[in-house]
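To keep things clear, I will list the structure first and then write my remarks on it.
Any read-out appearing in this document is the output of simple, stated calculations on the displayed coordinates, not a laboratory observation. Since the structure is predicted, the reported quantities are computational estimates derived from the model, not experimental observations. Counting neighbours? That spans all protein chains shown, and the Cβs are built from the backbone with ideal geometry, glycine included.
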Amino acid sequence: MACQISTPDNYLSSVIQENEHEHECCICLDNKDLTIVFDCHHHVCLACFKQYAITKLNSRQFKYDLDIGYSLGCPNGCANTLLRELHIFRLMDKSNYERYKAFGAEEYVLYHQGVICPMPCCGSGLILDENNLKIKCPSSIGCGKTFCRSCKALWEDETVQTCPCQTADENDRNQPVSLWSQLFGYRRSTASSVMVKKCPRCSVKTEKDGGCNAISCTRCGMTWCWISFGSDKTNKLYQYLMSNYNKNVRPVRNNSDVVTVKLGLKLIQIADVEWQDFSFIWSPEEFDGVEYIQMPSDLIWKPDLVLYNNADGDYQITTRSKAQIRYDGTVIWNPPMIYKSYCAINIAYYPFDIQNCTLKFGTWTYHGLLVNLQFLTNNESTVLERGWDLEDYVPSIEWEILSLPAIRHEIVYACCVEVYLDLTFVCIVQRKPLFYIVNLIVPCI
C-alpha cells in the first residue's frame, strides 16, 4: 500500500494557478503568469497578494471563521471569498507569517470566549470557565501570574477571592488606571495624565503614551478617535452615532434614494467632498450644544471616488484623514491626496505650444441612480467656465493658465445599462516663450 504525504508546498501549488487565460490582477491590473484565484473568480498576482496580506496583517483585518480559520477574502470585498487553504500565507516573509500564526491563535481564543494573559512578555491564550474571574496563567505555558479577568489587573493577594474592581464604587470604577500603574503599584498623580481608554466596540482597555490619535484596536480591529473620547459630551455623541452604524451601506433611508456627492477641486488637491448621511443627524441641545464632530474617515461610508486617467497606479483615495460631520447630517471630507494624471503633449508649435490636461473623477461601482455627482460650487450646472479653486495656487514661471473649465458627463458604457457620471476638470495652459526666444531663437538669427 502506498501513501502520499502532503507538504505545505503541495498545498501552495494547489492554490496558485497558471494564468492561462491572461486574467488581470484585480489590484495592479497586470497579466502575470501565476495568480491566486478567489471563489468570486477574481485573480491576484503573487506580488500584490503578498503586499495585500501584509497590509491587512498590520492593521489586523484578517477574519476568523470557525470552519476555515484566520483568513482573508477578495481584495474587492466580495462576500464569502475567504481563502480556505491557509498555507498560502506562507508567501509572506517568515517574520510576518509568525505574526499571522500568533494573531490567528489569539483570535481562536477570543472567539471561544477565552482570555489573553495581559502580563508583559507573556500573552498566553487561556480558555476557561467564563464565571471564573480569578485567572492564573499556568507556569507550564505562561508566566504563572494571577490576574483579574474583568480589569486585567495583577492579582496582588492570592488569599483574596474578589478583585477590588468588583467592589469599588462607581466613581472609582470610572477613573481609568494605567495597566503599567497596576503592575508596579502606583497611580498617576492626576486624572488628566492617565492615558487609558476603552475601545468603543469591544471595551478592551487601550493605553496611549504618545503618537497619533487614530487608535486601532488589536482585538476587534476597529479604528477610533482618541480625541473624540476626551469629554463626556463628545463621547456620548460618538456612541449615539455609531451604535448601529454600518459603513458598508449607502447612507439612505430607502434603497431607491440617491446620495448626492459634491466635489470641488483645487489646483493643489481635492478641495472638499460633501454629502448627506441621514444616520448622522442629532439635536445639538441634547449634546451640550455640539454642532459638529471630527471622525476618522475609515469609520464612515465614503463614495469610492477614483481618478480614471491616473498615471501613478493608485486609483482610490486611500490616505486616512478626518471628516467633519455636522448635526444636520452633512459630511465634509477633505482628503490630503496628490494625483498624477497623464496628458497628451503636442509640441508641434514648441515653444509656442498650448497644452490641454484633464482630470476625470467618478465613482468606481455606483451608477447615477445610486450616487449623483455634482460640482461643489454650482449644483445645477453641467459646465463650469472656471471649475478649479485657485486660492492656494502659486503662479508658474514657465506656464500660463488660459482656462480651467469643468464638465459633468453622463455616460452609458458597453458593459451596463445604467448611466454613470463623471466630473472632468480641464486645465489649458500655454508655455511662456520668452526664455526660449532669448536663448534658442535669437542666437540663430
> Summing +1 for each Lys or Arg and -1 for each Asp or Glu, what net charge is found among the other residues whose Cβ lies under 13 Å from the Cβ of residue 411?
Replying inline: -1
> Which Rg and Dmax, in Å, describe the Cα atoms of the range 259-431?
Replying inline: 18.1, 66
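Are there GluC sites (Glu not before Pro) in the range 379-412 that DSSP marks as loop and that have at most 14 other Cβ atoms within 10 Å, and which are they?
Working: sites: 380, 385, 391, 398, 400, 410; in loops: 380, 385, 391, 398.
For GluC sites (Glu not before Pro) across the range 379-412 that sit outside H, G, I, E and B with at most 14 neighbouring Cβ atoms in 10 Å, the list reads 380, 385, 391, 398.
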> For the residues 409, 43, what sequence is obtained by ranking on other C-beta atoms within 10 Å, fewest first?
Replying inline: 409, 43
> When Lys and Arg each count +1 and Asp and Glu each count -1, what net charge do the other residues less than 11 Å away from residue 266, Cβ to Cβ, add up to?
Replying inline: -4
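Would you order 401, 27, 36 from fewest to most other beta-carbon atoms within 10 Å of each residue's own beta-carbon?
Numbers: 401 15, 27 18, 36 21.
Going from least to most buried by this count: 401, 27, 36.
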> Whole-Hz Karplus ³J(HN,Hα) for the range 20-27, in order, using 6.51 cos²θ - 1.76 cosθ + 1.60 and θ = phi - 60°, x for Gly and Pro?
Replying inline: 5, 9, 6, 6, 6, 5, 6, 9
> Most exposed first by the Cβ proxy, i.e. fewest other Cβ within 10 Å, how do 388, 364 rank?
Replying inline: 364, 388
> Between the range 392-445 and the range 34-69, what is the C-alpha centre distance in whole Å?
Replying inline: 40
> Amide H to amide H under 5 Å from residue 353: which residues, 5+ apart in sequence or cross-chain, H placed 1.01 Å off N in plane?
Replying inline: 431
>> With an 8 Å Cα cut-off and a minimum separation of 6 or more residues, compute the relative contact order for the range 259-431 in percent.
In response: 26
>> Across the range 8-111, what fraction of all alpha-carbon pairs, as a whole percent, falls in each successive 5 Å bin from zero upward?
In response: 2, 13, 24, 26, 20, 10, 4, 1, 0
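What is the sum of charges, Lys and Arg at +1 and Asp and Glu at -1, for the other residues whose Cβ falls under 9 Å from the Cβ of residue 423? Show your work: numbers first, answer last.
Numbers: positive: 360, 408; negative: 422.
That sum, taken over residues with Cβ under 9 Å, equals +1.
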> Using Cα pairs under 8 angstrom and six or more residues apart, how large is the relative contact order of the range 22-175, in percent?
Replying inline: 11
